[in-house]
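The values are calculated or read from the model by the stated rules, or taken from the named source; none is laboratory data. The shown structure was predicted, so the numbers you read here are calculated from the model rather than taken from an experiment. Using ideal geometry, Cβ is built from the backbone for each residue, glycine included, and neighbour counts are taken over all protein chains shown. We work out accessible area using only protein heavy atoms, side chains counted, and drop any ligands, DNA or RNA first. Shrake-Rupley method; radii C 1.70, N 1.55, O 1.52, S 1.80 Å.
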Amino acid sequence: MIWQSEEVRSLLKRALEEDIGTGDVTANWIIPATQWSRAVISAKAPGVIAGLEVTREIFRLLDERIIFTPLVADGEAVKPKDTVARIEGPTRSILSGERVALNFLQHLSGVATLTRAFVDAVAGTRAVILDTRKTTPGLRMLEKYAVRMGGAANHRMGLYDMVLIKNNHIEAAGSITEAVQRVRERNRAGLLIEVETRNLDEVREALVLNVDRIMLDNMSCEMMRQAVALVNGRIPLEASGNVTLANVREIAETGVDYISSGSLTHSAKALDLSLSFVL
């Protein structure tokens, strides 16, 4: 489970330390150490939940006496006033962890919610929605998890698990062909190779090289339709660049296999959730 990995646990610990520092003076000075409370996290807007186990881990790291009970599952849609989770434990600890827990849960749910909107927009086409590396530094693993909870798929995790030959690589190497040849000379791990193209001539050059995927970067829908006809299913095609909710359906209807959008992670609005105490 990613939330139990040392990378994520370290991130959550740092977030708690950043907020609590030497101690929560407000809670500690007002609330008796022995006080015990129950609380709920509720939705204030419609959306898709992601990050419940991360939230549980935050409270566990803060105080193992806290009992966190999700009432929905990651990937599940909620509507306003739905109860997302119940919390029981020392009042001070619940208050001290509230902001950090909500920050993660709201952000990841926002990513899942926006992703689901993109996925729904291309329903019925062959296109698969992908994320990118345009993630919040330090949060990539969690944000890409939230993308999956929204119903989309992950592109490469980083620079190490897939070869993506972009325009600047091509310019530095001299051509698509030369860049691909240099990669193949060193690609002992057999990583997938994708090539970014900006016009039909570059698509033709990449096509004869038999790479694993061709990216159609910032092309018009008409040019993408021509690229789809040219490739004729021989190599998967990925549309990228200036993809929005307003145009993603039109892009999908060109017949591309994948559509990647950085906005899934860099432009997602946090889902409005709140924590409140109950009797």
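Expressed as a whole number of Å, what is the distance separating the alpha-carbon centroids of the range 191-252 and the range 157-182?
A separation of 16 Å, based on Cα centres.
Quick one: putting +1 on the C-beta of Lys and Arg, -1 on the C-beta of Asp and Glu, what dipole do you get for the chain around its Cα centre, in Debye to the nearest 20? Can you show the working numbers first?
Details: 33 positive and 35 negative charges, 77 e Å.
Here the size comes out at about 360 debye.
Ratio of Rg to Rh for the range 26-78, alpha carbon only, Kirkwood?
Across the range 26-78, the Cα-based Rg/Rh ratio is 1.05.
Show that you can apply the helix-only estimate: for the chain, add -39,500 (n - 2.57) for every DSSP H stretch of four or more residues, divide by all residues, and state [θ] at 222 nm to the nearest 500. Spell out each step's value before the answer.
On the way: 11 runs with 120 residues, N = 279.
Only helices count here, giving -13000 deg cm²/dmol.
If the cut-off is 19 Å between C-alpha atoms, which lysines fall inside it for Lys144, apart from same-chain ones fewer than 8 positions away?
Lys134, Lys269
Taking the chain as the reference, fit the longest principal axis to its C-alpha atoms, fit the long axis of helix 176-186 to the helix C-alpha atoms, and give the angle between the two in degrees, 0 to 90, nearest 10.
60 degrees
Ordering Thr244, Thr34 from largest to smallest accessible area (1.4 angstrom probe), what's the sequence? Walk me through the intermediate numbers first.
Working: Thr244 60, Thr34 125 Å².
Largest to smallest exposure gives the sequence Thr34, Thr244.
Sorted by accessible area with a 1.4 angstrom probe, largest first, how do Lys144, Lys166, Lys79, Lys269 fall? Please list the in-between numbers first.
Values: Lys144 0, Lys166 75, Lys79 125, Lys269 170 Å².
Solvent-accessible surface, decreasing: Lys269, Lys79, Lys166, Lys144.
If we restrict to alpha carbons, what Rg and Dmax does the chain come to, in Å?
22.6, 72
Out of Ala227, Leu245, Phe68, whose Cα points farthest toward the positive end of the dipole of the chain (charges: +1 Lys, Arg; -1 Asp, Glu; placed on Cβ)?
Phe68
On C-alpha positions alone, give me the angle between the axis of helix 91-121 and the longest principal axis of the chain, in degrees, nearest 10.
30 degrees
Could you work out the equivalent-ellipsoid semi-axes for the range 215-279, taking the square root of 5 times each eigenvalue of the Cα gyration tensor, largest first, in whole Å?
Numbers: eigenvalues 264, 25, 18 Å².
Semi-axes from the Cα gyration tensor: 36, 11, 9 Å.
What is the angle, in °, between the Cα long axis of helix 52-62 and the longest principal axis of the Cα atoms in the chain? Nearest 10 is fine, range 0 to 90.
For helix 52-62, the angle is close to 50 degrees.
Take the range 50-161, drop everything but the C-alpha atoms, weight them equally and run the Debye formula without solvent; then report log10 I(q)/I(0) at 0.10, 0.12 Å⁻¹ to two decimals.
Treating every Cα as an identical point scatterer, log10 I(q)/I(0) equals -0.34, -0.48.
Quick one: compute the contact order of the range 123-178, relative version, from alpha carbon pairs under 8 angstrom and 6+ residues apart, as a percent. Provide the component values of the computation, followed by the final result.
On the way: 33 pairs, mean separation 17.5, N = 56.
So the answer I get is 31 percent.
So who's got an amide H within less than 5 Å of the one on Trp36, skipping anything under 5 residues away but keeping other chains? H placed 1.01 Å off N, in plane.
Amide H neighbours of Trp36, under 5 Å, 5+ apart: Thr91.
Could you tell me what percent of the accessible area of the chain is made up of carbon and sulfur, with a 1.4 Å probe and every protein chain present? Can you show the working numbers first?
Working: 6960 of 13680 Å².
With neighbouring chains kept in place, the figure for the chain is 51 percent.
Please report the projected area of the range 146-247's Cα convex hull averaged over all directions, in nm². Mind showing how you got there, number by number?
On the way: hull surface 29.6 nm².
Directional mean of the projected Cα hull area for the range 146-247 stands at 7.4 nm².
Considering only DSSP beta bridges where both residues belong to the chain, give the percentage that are antiparallel (nearest 5).
On the way: 19 of 37 bridges.
Bridges in the chain are about 50 percent antiparallel.
When the gyration tensor of the range 88-231 is built from Cα positions, what are the square roots of 5 times its three eigenvalues, in whole Å, from largest to smallest?
38, 20, 11
Rounded, prolate or oblate: pick one for the range 1-90, where a ≥ b ≥ c are the square roots of the eigenvalues of its C-alpha gyration tensor, a/c under 1.5 means rounded, and failing that, prolate if a/b is larger than b/c, else oblate.
Details: a/c = 2.03, a/b = 1.28, b/c = 1.59.
It comes out oblate by the Cα gyration axes.
Computed over the Cα atoms of the range 52-106, what is the convex hull's projected area averaged over all directions, in nm²? List each step's numbers first, then the result.
Values: hull surface 14.5 nm².
Across all orientations, the range 52-106 yields a mean hull projection of 3.6 nm².
Compute, for the range 1-158, the length of the dipole vector about the Cα centre, with Cβ point charges of +1 (Lys, Arg) and -1 (Asp, Glu) only. Units Debye, rounded to 20. Please list the in-between numbers first.
Details: 21 positive and 18 negative charges, 84 e Å.
About 400 debye.
Return a whole-number percent for the relative contact order of the range 1-154, with Cα pairs under 8 Å and 6 or more residues apart as the contact set.
Working: 241 pairs, mean separation 41.0, N = 154.
Once normalised by length, the contact order is 27 percent.
What percent does the relative contact order of the chain come to when contacts are Cα pairs within less than 8 Å and at least six residues apart? Don't jump to the answer; show the numbers that get you there.
On the way: 521 pairs, mean separation 62.2, N = 279.
Across the chain, relative contact order equals 22 percent.
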